[in-house]
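Just below is one structure, and these are the notes that go with it.
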Amino acid sequence: MKTERLEKIFWPAVTIAVLLAAWHVAVRVTKTNVFPSPLAVARAFGELGRRGVLVAYTRDSLVRVGGGYGLALLLANAGAGIGHAHDGFAIATQ
């Protein structure tokens, strides 16, 4: 029973560690200036938290993502309706 509980914690922790290590290595090997390292992201989170703006910035970002997603769904449905109407018109004229 105790082994099962340990495995529920161990394997997710190993997975996260491997992904973070791969991210770190990818940033180091490519010497990119576009993507920050995991440590730089952690420092930025700490700085935003220290300044007291992390929650507000996170909320604003989620609102933007949700709005963009909602707009994409609306436009996709409108486009599907236009395409569907066009198909009907094409069939009717043939």
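Every read-out reported here was derived from the displayed coordinates using simple, explicitly stated rules and does not represent laboratory data. Here the structure is a predicted model, which is why all the values come from computation and not from measurement. Note: ideal-geometry Cβ built from the backbone for every residue, glycine included; neighbour counts use all protein chains shown.
A few comments on the model shown:
- Near-label residues of the stretch 32-54 by backbone N, under 13 Å of a point 7 Å along Cα→Cβ of W23: 35-46
- Chain lengthening between F35 and S61 when straightened (0.36 nm per residue, less Cα-Cα): 7.5 nm
- In the stretch 13-60, trypsin sites (Lys or Arg not before Pro) in a DSSP loop with at most 13 other beta-carbon atoms within 10 Å: K31
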